[in-house]
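Peer 1: Pasting in a structure now, in structure tokens, and then I'll have a few things to ask.
The values are calculated or read from the model by the stated rules, or taken from the named source; none is laboratory data. These numbers come from a predicted model, not from an experiment. Every residue, glycine as well, gets a Cβ built from its backbone with ideal geometry; the counts of neighbours run over all protein chains shown. Ligands, DNA and RNA are excluded from the accessible area calculation, which covers all protein heavy atoms including side chains. Shrake-Rupley method; radii C 1.70, N 1.55, O 1.52, S 1.80 Å.
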Amino acid sequence: VQLQASGGGLVQAGGSLRLSCAASGRILSFDYMGWFRQAPGNERELVAGVASGSSAKYEESVKGRFTISRHHRANTLDLQMNSLKPEDTAVYYCYAVQGNFEYWGQGTQVTVSS
């Protein structure tokens, strides 16, 4: 299974970006999918995640601004990010769990300027 993240870039504060994670396996086969981020000097943290058959969960600071969605036909996991803040600057990684296996995408840089 391979996960390919895309959609990062440079945006001004208050702007929006949409990240997309293309999976080589069927999205429906994953038990859990999510987006993590890691800023310089910080640990990797979960931003948003969704388990099969469950509602999405969000890190407190992104609630109301970010939306995670699984698209079965396109076989992608997307993260719509609105009202971006400089503190959202990080490398964003998509993540998936299938049974006892975990998979990570390669990361995409998001930079929010003030």
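Peer 1: Treating the beta-carbon of each Lys and Arg as +1 and of each Asp and Glu as -1, no other charges, what is the dipole magnitude of the chain about its Cα centre, to the nearest 20 debye?
Peer 2: Dipole about the Cα centre, nearest 20: 340 debye.
Peer 1: Can I ask one more? Using a 1.4 angstrom probe on heavy atoms only, work out the carbon and sulfur share of the accessible area of the chain in %.
Peer 2: 48 percent
Peer 1: Loop-only check: which trypsin sites (Lys or Arg not before Pro) in segment 1-53 are DSSP coil with at most 11 other Cβ within 10 angstrom?
Peer 2: ARG26
Peer 1: Skip the ligands, DNA and RNA, and give the accessible area per residue of the chain with a 1.4 Å probe, whole Å².
Peer 2: In whole numbers, the chain has 53 Å² accessible per residue.
Peer 1: Lys and Arg at +1, Asp and Glu at -1: add these up for the other residues within a Cβ distance under 14 Å of ALA48 and post the number.
Peer 2: +2
Peer 1: Net charge near ALA74, counting Lys/Arg +1 and Asp/Glu -1 over other residues with Cβ under 15 Å of its Cβ?
Peer 2: +3
Peer 1: Among the GluC sites (Glu not before Pro) within segment 19-66, which fall in a DSSP loop and have no more than 13 other Cβ atoms within 10 Å of their own Cβ?
Peer 2: Those that pass, being in a loop and sparsely packed, are GLU43.
Peer 1: Would you mind checking the radius of gyration and Dmax of the chain based on alpha-carbon positions, in Å?
Peer 2: Considering the chain through its Cα atoms, Rg and Dmax are 13.3, 41 Å.
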